[in-house]
1. As I understand it, the value is the acute angle between the Cα axis of helix 41-57 and the longest principal axis of the Cα atoms of the chain; what does it come to in degrees, rounded to 10?
2. If you work out Rg and Dmax of the Cα atoms in Å from the coordinates, which of (i) 18.3, 60; (ii) 15.4, 47; (iii) 18.4, 71 do you get?
3. Determine ³J(HN,Hα), in whole Hz, for all residues of the range 108-113 in sequence, where each value follows from phi through the Karplus function 6.51 cos²θ - 1.76 cosθ + 1.60 and θ = phi - 60°; x replaces Gly and Pro.
4. Charges at C-beta only: +1 for Lys and Arg, -1 for Asp and Glu. How large is the resulting dipole of the chain about its Cα centre, in Debye rounded to 20?
5. Using a Förster distance of 30 angstrom, determine the FRET efficiency expected from the C-beta separation of S109 and R18, and round it to 0.05.
6. Calculated FRET efficiency, E26 and S163, Cβ-Cβ r, R0 22 Å, to nearest 0.05?
7. Give me the 1.4 Å probe accessible area per residue for the chain, excluding ligands and nucleic acids, in Å².
8. Taking the highest mean first, how do the peptides 4-17, 157-170 order by number of other beta carbon atoms within 10 angstrom per residue?
Amino acid sequence: MRIGVGSGNPVKRDATARVFPDATVEAEPVPSGVSEQPTGREETRRGAENRAATVLDAGSHDLGVGIEGGVAGVEEEDGEPALLVMWAVVDDGDRRGVGAGPSLPLPDSVAGRVRAGEELGPVMDDVLGESDVAKKQGAAGAFTGGAMTRTDALAAAVTAAASPFLSDLY
């Protein structure tokens, strides 16, 4: 089975390969069709849907996987806490599974910068004094002290989305 992951990020490819260990999993950079920093669960999910559909439409894969990370609760300071959220979609053209990964609270200092309009990835690079955090442990790894990496968190989202392809109950 050939699976296309609608992203050039190796973490997203690795998360998908964990769920489908016997498949050939290929990263294919495609646009998400949403803002660079998706805000809210709806926009983040739509980005995952767009990525899965676009990579599947390319025609060379049995499954298309879209994964999108975003932030929710940043629209207003009073109310919902600011959260890192992630969604995944697995699509074969006939069936589609949609699943969410864990939601992690943003530290106040990070949430304030994201609320001010900065993107989470560059903020995390700055806070950690590293580059390309999103291609390594990710914010999830930093926020959990390494107990859960970005690959772990995204694999949970892909597993949830892949349920219709992993179980005969669907």
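The values are calculated or read from the model by the stated rules, or taken from the named source; none is laboratory data. Given the structure is predicted, the values throughout are model-derived calculations rather than measurements. Heads up, the Cβs are rebuilt from the backbone with ideal geometry, glycines too, and the neighbour counts pull from every protein chain shown. Heavy atoms of the whole protein, side chains included, go into the accessibility calculation; ligands, DNA and RNA do not. Shrake-Rupley method; radii C 1.70, N 1.55, O 1.52, S 1.80 Å.
1. The two axes meet at around 30 degrees.
2. (ii)
3. 3, 5, 6, 4, x, 5
4. Values: 15 positive and 28 negative charges, 88 e Å.
Computed about the Cα centre, the dipole is about 420 debye.
5. Working: r = 31 Å, r/R0 = 1.05.
Taking R0 as 30 Å, the efficiency between S109 and R18 is 0.45.
6. Values: r = 22 Å, r/R0 = 1.00.
E between E26 and S163, to the nearest 0.05, is 0.50.
7. Values: 7890 Å² over 170 residues.
Per-residue value: 46 Å².
8. Details: 4-17: 23.6, 157-170: 16.6.
Descending packing order for the listed peptides: 4-17, 157-170.
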